[in-house]
Amino acid sequence: MSFPRPHTTKQSDGSAPETRPPRSTTIKTLIGTGAGNAVEWYDWAIYATFASFIASQLFSKQDSSSAFLATLAIFAVGFVARPLGGFIFGWIGDKVGRKASMTLCVGLASLGSLAIGLTPTYDSIGAGASLMLLVARLIQGLAHGGELPSAQTYLSEMAPSSRRGYWASLIYASGTVGILFGTLLGAVLSSAMPESAMAAYGWRIPFLLGAVFGLVALIMRSRMEESELFKSEAAAHDAVVPGHHAPARGGLFTDLARHWRQALQVIGLTVGLTVAYYVWGVSTPAYAINVLKIDAAEALWAGVAANLVFIVALPLWGRLSDRIGRKPVLLISGIGSALLFFPATWFVRDSALQLGLAMSAMLIFIAGSASIMPAVYSELFPTAVRTIGVAIPYALCVAAFGGTAAYLQAGFGIWFGDAGPTAFALYTIALLLVGTATVLSLREGRGVDLSNR
């Protein structure tokens, strides 16, 4: 019986040939990683899309406003649980294996979707319905906290070093596909079903489908290969060689403390990206509908079109980073996003076309950072702590800044009145500049051998 063998390709710079995995392994890696990541972002999108229906079915109908706020509060609980999920699944990823962590994450996320889809109504079991929703979101929050760092680490380790930036673009591309699919599914169901049917059972369909999608992704991931870098690291510490000692391996907290600078760099690189992406990739159509009074359907389609532009831009930036380096791409992305922020905001006035153009322009620049950030994170840490080293600071940063972006965007409008949008823009630009300053502290990671990190 013959097995597919890795092949080598000569480097364009004349360095030693690079070993690339066989085509079958590459396909399993890309599809399995992308499918699971898309499921996570899909879960996030459908909860936000169907929040009003969840509020009407799983909370008391006596105060609809309180019910809706409680539904959003439980949505936020998922962000709060992410750091703990990052810790748990980061530890699993570094001690048991990347594949094991990724498979468990998508399985738990699928279980959470199934629980939400099958939760009895408030009229049936009272406050137990709200409690079941809370538990389900906690489960999903834990899973989501581990999913992205595990997937980023695995994909970066499996990628050929000369194409790591290109492969890394799959993370945001697949995630955006998940969001778009969830949003489009919501639009189709709302158009095809009367509101009474949507309230009664229609809103459950996306969650049940999410459970099925998660199961499919779980099966895909169970068939993937484990990262060779992880297997080599594990073998190096398990091997007993006469006259030699395995390299000392510190405790978890010791290893993390040793790499505190890299953890701070993860936070610095993430703060601006997570807020800027939320604003221009997610919330701007809602702002245009509610504040600028642009037609709802036209605004939503403008958002879909802009996110398609984002998906196309991601691999182009990834390829560019493999040619000219990570730092130049990150600097172009961060500085360009900061400089364009105000002009793009002022450009959107009263038409969906203006909205689509402004979102597309901003997302093209944001894509520069988003495309390669998974590779940049992985290039900061050694193999032994690569997953958890990214997972904990990343999850804390997303919870603190991404999770509060919607609240602050609305809050600035209340606190500063007409100056609110300007104040929030300055806040986001300041975070983008923090990211730019952090880039200057990085070592260039293009083409490096991750086993030497």
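The values are calculated or read from the model by the stated rules, or taken from the named source; none is laboratory data. This one's a predicted model, so the numbers in the text were calculated from it and none came from an experiment. Cβ atoms come from the backbone with ideal geometry, glycine included; neighbour counts cover every protein chain shown. Just the protein is used for accessible areas: all its heavy atoms, side chains included, with ligands, DNA and RNA removed. Shrake-Rupley method; radii C 1.70, N 1.55, O 1.52, S 1.80 Å.
Tell me whether the range 18-31 contains one or more residues that are free of Cβ contacts under 8 Å to residues at least 40 places away in the same chain, part of a helix (DSSP H, G or I) and more than 30 Å from Ile324 (Cα to Cα). No: zero hits. Residues in the range 434-452 that are polar (S, T, N, Q) and open to solvent by 30 Å² or more (accessible area, probe 1.4 Å): Ser441, Ser451, Asn452.
Can you pull out every residue in the range 185-198 that is crowded, with 17+ Cβ neighbours inside 10 Å and among the hydrophobic types (A, V, I, L, M, F, W, C)?
From the range 185-198, those crowded, with 17+ Cβ neighbours inside 10 Å are 185-186, 189, 198; that's our starting set.
Scanning the range 185-198 gives Leu185, Leu189, Met198.
Listed here are the residues, each with its yes/no results for (1) in a helix (DSSP H, G or I); (2) modelled with pLDDT of 90 or more.
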position: Ser191; (1), (2): yes, no
position: Ser196; (1), (2): yes, no
position: Ala199; (1), (2): yes, no
position: Val216; (1), (2): yes, yes
position: Arg221; (1), (2): yes, yes
position: His237; (1), (2): yes, no
position: Val240; (1), (2): no, no
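Selection of the range 264-280 for residues being open to solvent by less than 10 Å² (accessible area, probe 1.4 Å) and under 13 Å from the mean Cα position of the chain (by Cα) yields Thr270, Val275.
Among Ser321, Ser371, which is buried (at least 23 other Cβ atoms within 10 Å of the Cβ), polar (S, T, N, Q), closer than 24 Å to Gly403 by Cα and touching a Gly at 6+ places or on another chain (Cβ under 9 Å)?
Ser371
Taking the range 116-133 as the range and being of a type in the set (Ser, Thr, Tyr) and not in a helix (DSSP H, G or I) as the test, the residues that pass are Thr119, Thr121. Ala384 satisfies every condition listed in (1) closer than 18 Å to Lys95 by Cα; (2) modelled with pLDDT of 90 or more; (3) open to solvent by 10 Å² or more (accessible area, probe 1.4 Å) except (2).
Could you say whether any residue in the range 166-178 is part of a helix (DSSP H, G or I), in contact with an Asp or Glu (Cβ under 8 Å, 6 or more places away or on another chain) and open to solvent by less than 20 Å² (accessible area, probe 1.4 Å)?
Quick first cut of the range 166-178, residues part of a helix (DSSP H, G or I) only: 166-168, 170-178.
Remaining after also requiring in contact with an Asp or Glu (Cβ under 8 Å, 6 or more places away or on another chain): 166, 175, 178.
Right, trim to open to solvent by less than 20 Å² (accessible area, probe 1.4 Å) and you get 175, 178.
Yes, that holds for at least one residue.
Leu339: modelled with pLDDT of 95 or more and surrounded by fewer than 17 Cβ atoms within 10 Å (Cβ to Cβ), yes or no? Break it down stepwise before answering.
Values: modelled with pLDDT of 95 or more: yes; surrounded by fewer than 17 Cβ atoms within 10 Å (Cβ to Cβ): yes.
Yes: the conditions hold for Leu339.
Of all the numbered requirements in (1) farther than 14 Å from Ser337 by Cβ; (2) among the hydrophobic types (A, V, I, L, M, F, W, C); (3) modelled with pLDDT of 95 or more, Leu269 misses one, and that requirement is (1). Answer yes or no as to whether Ser227 is open to solvent by 60 Å² or more (accessible area, probe 1.4 Å) and of a type in the set (Ser, Thr, Tyr). Taking the combined requirement at face value, the residue does not satisfy it. Checked against the criterion of being at pLDDT below 90 and of a type outside the set (S, T, N, Q), the candidates Ala367, Ala419, Ala425 yield just one match: Ala419.
Take Ile92 and decide whether it is assigned to a helix (DSSP H, G or I), open to solvent by 30 Å² or more (accessible area, probe 1.4 Å) and more than 19 Å from Gly178 (Cβ to Cβ). Break it down into steps so the answer makes sense when it comes.
Working: assigned to a helix (DSSP H, G or I): yes; open to solvent by 30 Å² or more (accessible area, probe 1.4 Å): no; more than 19 Å from Gly178 (Cβ to Cβ): yes.
When the stated conditions are applied, Ile92 does not pass them.
Tell me, please, whether a residue that is open to solvent by 10 Å² or more (accessible area, probe 1.4 Å), free of Cβ contacts under 8 Å to residues at least 60 places away in the same chain and in contact with a helix residue (DSSP H, G or I) (Cβ under 7 Å, 6 or more places away or on another chain) can be found in the range 391-403. For the range 391-403, residues open to solvent by 10 Å² or more (accessible area, probe 1.4 Å), free of Cβ contacts under 8 Å to residues at least 60 places away in the same chain and in contact with a helix residue (DSSP H, G or I) (Cβ under 7 Å, 6 or more places away or on another chain): absent. Scanning the range 141-163 finds no residues that are open to solvent by 10 Å² or more (accessible area, probe 1.4 Å), more than 25 Å from Leu320 (Cβ to Cβ), free of Cβ contacts under 8 Å to residues at least 40 places away in the same chain and in a helix (DSSP H, G or I). Here Leu316 does not qualify as aliphatic (A, V, I, L, M) and open to solvent by less than 40 Å² (accessible area, probe 1.4 Å). Can you name every residue in the range 59-89 that is more than 30 Å from Ser378 (Cβ to Cβ), open to solvent by less than 40 Å² (accessible area, probe 1.4 Å) and not hydroxyl-bearing (Ser, Thr, Tyr)? Passing the criteria: Phe59, Ala67, Ala70, Ile74. For the range 284-301, residues that are of a type in the set (Gly, Ala, Ser) and either out of contact with any helix residue (DSSP H, G or I) (no Cβ under 7 Å at 6 or more places or on another chain) or open to solvent by 10 Å² or more (accessible area, probe 1.4 Å) (or both) total 3.
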